[in-house]
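Please read the structure below before turning to the comments.
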Amino acid sequence: MSYVPGQPVTAVVQRVEIHKLRQGENLILGFSIGGGIDQDPSQNPFSEDKTDKGIYVTRVSEGGPAEIAGLQIGDKIMQVNGWDMTMVTHDQARKRLTKRSEEVVRLLVTRQSLQKAVQQSMLS
Amino acid sequence: MFSRNHRSRVTVARGSALEMEFKRGRFRLSLLSDPPEDTELQRKLDHEIRMREGACKLLAACSQREQALEATKSLLVCNSRILNYMGELQRRKEAQVLKKTGRRPSDSGPPTERSPCRGQICISDLRIPLMWKDTEYFKNKGDLHRWAVFLLLQIGEHIQDTEMILVDWTLTDISFQNNVLFAEAGPDFELRLELYGACVEEEGALAGAPKRLATKLSSSLGRSSGRRVRASLETAGGSGSSPILLPTPAVGGPRYHLLAHTTLTLAAVQDGFRTHDLTLATPEESPAWLPLYGSMCCRLVAQPLCMTQPTASGTLRVQQAGEPRDWVQVHGVLKGTNLFCYRQPEDTDTGDEPLFTIAINKETQVRAGELDQAASWPFTLSISNRYGEEEVTHTLQAESRGALQSWMEALWQLFFDMSQWKQCCDEIMKIETPAPRKPPQVLAKQGSLYHEMAIEPLDDIAAVTDILAQREGARLETPPPWLAVFTDQPALPGPCSPASVAPAPARIHSLPWGRPRTFSLDAVPSDHSPGASRLVAPLPLQRSPRSRGLCSKGPPHTWLQSPV
């Protein structure tokens, strides 16, 4: 999942469709994100490449919409509803996920296990 | 017949006939042939006019306030010099015309009047103390109110200026590092010093205007001044001189006000520091008013040429005092207050010590030809000095009557010079060659003490950072335990979250661009170089200053997490 700046990024992704849950006034998805281009990537416990400034899932609340949809902790979010998430600040990422007008968010996420699974299936 | 016409007026009124003559370039034509010193003056005048045009253009093109201040200063100096040269030329032409018409000028003495020798005047270590009131600290709410000041010095037709210095309330006095040197000044010199100052911030009506409007106004010209500027720029390439007395064209450009002035004469010359009084010129309401203490310290020295250059030299035969028959042939050099007697003429160059030296000062008595053996020893003169109780007399014999005359003449001239230059002839005053002008130090705009705080890398901070790094490294495998905090809190604020939620404190790095430092109140104010010796006591370690709402733009130190 490491990238070379200026080169296109290739990753195996999985679609995750999360339906937001209404809790009083807020619509929540039930997970937390970390990372962003304005954050220090060396503190990211989930990334394989410590210079990766992407958005990662740091926590998935139990029984929440994200867990139901299949989001896992440590996933890197590549897109949200078509908006890119690989080159955004932390706040931009949060805003794109928490738009009040959207009840459903469709994410493209990638994880290391996916990568390995594809590689193995290609070898075999 | 001598008729008075406009030409005898020194000041040139706008729109006057003389100004029209300038415009037509007629100023250079003259009915009389120019003597050499006039062409020299004319050349200097042309040079200044060209400099003035350049300064006008530069001023029009300036965008930054400090550049505009420098350009305005050059313009002011050029203007003063031009006025000066023109006045001088007028005076000389007047004198010539008067001479031609045969009328004796009223201010010249008999032709045999002795004139004193010229000398070098040097003024250095100028310092003008300031007297800030406490209201100055508080009324500007920490914004630094700055002034640009410089000195204009004038002796006769020579005008020189010092560098421009930026002054604010952290300075206790205005110090100019320059040595200003005037060559060719007489003992009756009058050194006029003028201190000019201007506000660095926009003054007057533009002060309150919104920024875009202010820049638009300051870069545009009013109709009439615009026409004038265009006219001056057009005629600049032409043959004649542009309208010389064009006022500074920039609307909103800096205006220098005369803050104080004083005049120094020979009486003020001393080989040491002296304090002189300044005459203050601006009232307190003027925008450029500075709280001057009212005096000025400087070191004004003069080196008359008679002290530094040999005034006479030749072969002499000296009779040693007390030995009537013993004559020694020497090469004598009269320089300063001494008559050096060298064995050979070449010794003066090689730097050998002279055979002996005869002192010549105010008390020396010189008599010509007064010797018993006047008949057998013609062309003699005797020099007597009194050392305490003793009177020592040297008798010198010149080679011929003409030589004797010239020696006597040289000695009389020396005595006259000493009487005119007074204290300057006691001893040679040292003049240091002016150091090449350093470019004006740009004073970085500093906030008040309470705005700028810098956290400097200290030993203990580095130790803490190391400890933090080690701890973070150990925790990379397991998710941090404080994630549990997020479990039931849906609406937490964004990245700039309070310190308590993000317990990993901000790494305190030394910032790469070198933040400004805190100046303690007793710091040396004139030392503006960054990275100067650390005057500040190290500030105590502060944890997570970043999360107090100071959003930094440096390398990220946090890895925040937000629930969505």
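Here, each number is a calculation from the coordinates, and none is a lab measurement. Computed from a predicted structure; not experimentally measured. We place every Cβ from the backbone using ideal geometry, glycine too, and count neighbours over all the protein chains shown.
For the residue pairs B:K362/B:K422; B:K73/B:K133; B:K73/B:K93; A:K50/A:K99; A:K76/A:K116, alpha carbon separations beyond 20 Å are given by B:K73/B:K133; B:K73/B:K93; A:K50/A:K99.
Over the Cα atoms of the stretch B:36-88, what is the Rg over Rh ratio if Rh follows Kirkwood?
That ratio equals 1.10.
Starting with the fewest neighbours, write out A:K53, B:K44 ranked by other beta-carbon atoms found within 10 Å of each beta-carbon.
On the way: A:K53 22, B:K44 18.
Lowest to highest Cβ neighbour count: B:K44, A:K53.
GNM on chain A, C-alpha springs below 10 Å: top fluctuator among A:N44, A:N81, A:N26? Among A:N44, A:N81, A:N26, the largest mean-square fluctuation in the Gaussian network model of chain A belongs to A:N26. Let me test this: with uniform point scatterers at the alpha carbons of the stretch A:17-120, what is the Debye-based log₁₀ I(q)/I(0) at q = 0.12, 0.24 1/Å? Log-scaled intensity ratios, in q order: -0.38, -1.38. Within the shell defined by Cβ-Cβ distances under 12 Å, the residues around A:I33 carry a net charge of +3, with Lys and Arg each +1 and Asp and Glu each -1. Averaged over peptide A:32-45, the number of partner chain Cβ atoms lying within 10 Å of each residue's Cβ comes to 6.
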